Amino acid sequence: MKRAVGLAALTVLELPPDEQVSVAAQAGYSHVGLRLIPVAGQPVIHAFDAAEVERRLSDTGVGVLDVEVFRLTPQTNIKDFEAVMATAQRLGATELLVHGADSDEARLIETFGRLCDLAAGYGLSANLEPMPWVEVSNLAKAMRILDGAARANGGLLVDAIHFFRAGDSPQALAKLPRKFLRYMQLCDARPERPADVQEIIRQARSDRLFPGEGGLDLKGLLGALPAGTPISLEIPVAKNIEPLERARRALAATNAILNVVEVA
């Protein structure tokens, strides 16, 4: 089974989106993930030229797997996301990456449902990513939102570092309905969970490891997901490695893991 593998924006965040597409193609990826909305508190790093990104996608044959980051807070106005959704559709994306940052669960369920409804009009699915430092921090909390919203295009995005830092297990993941698992994010990390939340955030944003270099149970995680689940490689590393080499090393390390998992 040919599995889609995308180069996530965070892995090569110093590159503008059009150059990210070119690097992904040179490194052998089938897809990219584009950050069109910056993470909360972070500035827009690059101007976005949709026409140039579209041209490079066409020239290289690379596809867009997902667009990020759709952060849901108490103040979120869903209509503010519509222009980015239209761009995501134009570029051929199928998935949106969503963070749940609202402590009022009932309100978050309602907001997520409205996000899904708007996304559906653009042929997009909305995937909730648990992270230890936001309100939707683990599988159980994410599933309450997904079950409460009950939208056909609502999904769960598992990111390896957040998954294990939250204390979730492949065994629990394997019990979830397969319909929620449209793609996942892969990386490795030190096996010890930091006691300090700021260190958890630091490692997640700038000091991950290539698959096989750390201590996360990546084989167990991949084995708990549906066969052939698309993978986005989100691996910002602390080492000073040029973007193309970084992308190549991430893909080679991932393929080494996949060769073991898919043969087993």
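Read-outs throughout are calculated quantities, based only on the coordinates presented, and are distinct from any laboratory measurement. Note that the coordinates shown come from a computational prediction; the quantities given were computed from them, not determined experimentally. Quick reminder, even Gly has a Cβ in these numbers, built from the backbone with ideal geometry, and neighbours come from all protein chains shown.
General remarks:
- Share, in percent, of DSSP beta bridges within region 107-264 that are antiparallel, nearest 5: 10 percent
- Charge sum, other residues only, whose C-beta stays under 14 Å from V84's C-beta, Lys/Arg counted +1 and Asp/Glu -1: -1
- Computed E for V197/S22 - FRET, C-beta separation, R0 35 angstrom, nearest 0.05: 0.45
- Spatially proximal aspartates and glutamates relative to K239 (Cα-Cα < 19 Å; intrachain offsets below 8 disregarded): E14, D188, E199, D207, E213
- The amide H of L7, built 1.01 Å from its N in the peptide plane, has H31, V32, G33, L233 as neighbours under 5 Å, considering only residues 5 or more places off or on other chains.
- Put a plus charge on the Cβ of each Lys and Arg, a minus charge on the Cβ of each Asp and Glu, and nothing anywhere else: the dipole of the chain about its Cα centre is then about 600 debye.
- Think of the chain as a dipole: +1 on every Lys or Arg Cβ, -1 on every Asp or Glu Cβ, centred on the Cα centre; then among L181, M85, V62, L181 lies furthest on the positive end.
- If the chain linking R90 and R190 were pulled fully straight, counting 0.36 nm for each residue of separation and taking away their Cα-Cα distance, it would gain 32.2 nm.
- Estimated FRET transfer efficiency when R0 is 22 angstrom, pair R144-D80 (beta carbons, to 0.05): 0.30
- Over region 96-199, Cα pairs under 8 Å with separation of 6+ residues give a relative contact order of 26 percent.
- Isotropically averaged projected area of region 159-233, using the convex hull of Cα atoms (one quarter of hull area), nm²: 4.8 nm²
- Taking amide H as placed 1.01 Å from N in the peptide plane, the amide H of G155 sits under 5 Å from that of A126, N127, L128, each at least 5 places away or on another chain.
- Residues in region 218-235 carry Karplus couplings, in order, of 5, 5, x, 5, 5, x, 8, 9, x, 4, x, 3, x, 10, 10, 8, 10, 9 Hz; the curve used is 6.51 cos²θ - 1.76 cosθ + 1.60 with θ = phi - 60°, and Gly or Pro positions show x.
- Relative contact order, percent, region 98-158 [alpha-carbon distance under 8 Å, six or more residues apart]: 41 percent
- Phi angles of region 142-157 translate, via the Karplus equation with coefficients 6.51, -1.76, 1.60 and θ = phi - 60°, into HN-Hα couplings of 5, 5, 5, 5, 5, 5, x, 6, 6, 10, 5, 9, x, x, 10, 9 Hz per residue; Gly and Pro are given as x.
- Near L96, once Lys and Arg are set to +1 and Asp and Glu to -1 for all other residues with Cβ below 9 Å from its Cβ, the sum equals -3.
- Radius, Kirkwood style, for the chain when every pair of distinct Cα atoms is counted (Å): 18.4 Å
- Calculated FRET efficiency, A174 to E52, Cβ-Cβ distance, R0 = 35 Å: about 0.25 to the nearest 0.05.
- Share antiparallel - DSSP beta bridges, the chain, percent rounded to 5: 5 percent
- Protection proxy ranking, peptides 65-72, 195-202, average beta carbon neighbours within 10 Å, highest first: 65-72, 195-202
- The H on the amide N of V69, modeled in the peptide plane, is under 5 Å from the matching H of L36, I37, each at least 5 residues off or on a different chain.
- For region 97-110, backbone phi angles converted through the Karplus equation (6.51, -1.76, 1.60; θ = phi - 60°) give residue-by-residue couplings of 9, 10, 10, x, 10, 9, 6, 8, 4, 4, 5, 5, 4, 5 Hz, Gly and Pro being listed as x.
- When you count the other C-beta atoms within 10 angstrom of each residue and take the mean per peptide, 30-38, 216-224, 78-86, 121-129 line up highest first as 30-38, 121-129, 216-224, 78-86.
- With the convex hull drawn around the C-alpha atoms of region 116-264, the volume per residue stands at 122 Å³.
- Across the chain, the mean sequence separation of Cα contacts (distance under 8 Å, 6 or more residues apart), normalised by length, yields a relative contact order of 20 percent.
- Taking the charge dipole of region 165-264 about its Cα centre, with +1 at Lys and Arg Cβ atoms and -1 at Asp and Glu Cβ atoms, the residue from L218, V197, Q171 reaching farthest to the positive side is Q171.
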